[in-house]
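The values are calculated or read from the model by the stated rules, or taken from the named source; none is laboratory data. Not measured: the values here are computed from a predicted model. Using ideal geometry, Cβ is built from the backbone for each residue, glycine included, and neighbour counts are taken over all protein chains shown.
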Amino acid sequence: MTTCAATGCENPVPRKPRGRPAIYCNAACRPSQRSSGIDVELLRDDGDAGSAGRIWTVRLRRRGRTVTVAESLGWPSATALASDLIELLTPRRRRESRID
């Protein structure tokens, strides 16, 4: 038996009787299934007592590093931006068209 090809994974990889040999122990170890490791944060700042509404900030965070993408947004704009960033950063499988 061989070990998984994913970085840091020491699990054994079962051998298949036929076909191409597997190099990853499970689907979570495949690079196409891993997330980017970047989290999207929505932060609310209630501000001063005299402010009319809440102010939102959108940040990207990876390990100990943080990048502020936008500040002083309203809730609809902040959630729309956050969902766009999540869609951009989340790997997706390609949908192949089949010929019927």
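Remarks
- Long-range neighbours under 9 Å by Cβ, at least six apart or interchain, first residue assigned to a loop (DSSP other than H, G, I, E, B) within the stretch 12-26, second at pLDDT 85 or above and exposed (fewer than 13 other Cβ atoms within 10 Å of the Cβ): Cys25/Thr3; Cys25/Pro12
- Any hit, the stretch 13-35, residues being at pLDDT below 85 and under 19 Å from Leu85 (Cβ atoms): yes
- Residues of the stretch 61-82 that are small (Gly, Ala, Ser), within 14 Å of Arg44 (Cβ to Cβ) and loosely packed, with under 13 Cβ neighbours inside 10 Å: Ser72, Gly74.
- Residue match in the stretch 40-61 (condition: in a helix (DSSP H, G or I), at pLDDT 80 or above and not β-branched (Val, Ile, Thr)): no
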